[in-house]
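Derivation of every value follows stated rules applied to the coordinates shown; laboratory data play no part. None of these values were measured; they are calculated from a predicted model.
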């Protein structure tokens, strides 16, 4: 697979999500929240990776759109985590927004190159 900023950023983001969720995984109150965050946050990169091996342009776009939905969900969970005081670090939220912008741009470019 060729080097991709989107792949690299989404993988590093997933690793950062894993570290955050593991760090505070002992709290029972937050286990449902961290589970959702972990699932959606790691799914972004997995769907981007799948897109690079798509069967067609439509499949490629579809995988990126799924990644965008997961990214939007992750953004929501991060907002809840931050606004509830569970985590004060907004760096992950900023990374998520950056990945979302890259995904939107990539989807639009792919659609225009049909």
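In plain terms, if you count all Cα to Cα distances in region 24-114 and split them into 5 Å steps from zero, the share in each step is 3, 15, 23, 21, 14, 10, 7, 5, 2, 0 percent. Using alpha-carbon pairs under 8 Å, 6+ residues apart, how would you state the relative contact order of region 5-112 in percent? Relative contact order comes out at 29 percent. Only Cα pairs under 8 Å and 6+ residues apart enter the sum, and on that basis the relative contact order of region 29-75 stands at 43 percent.
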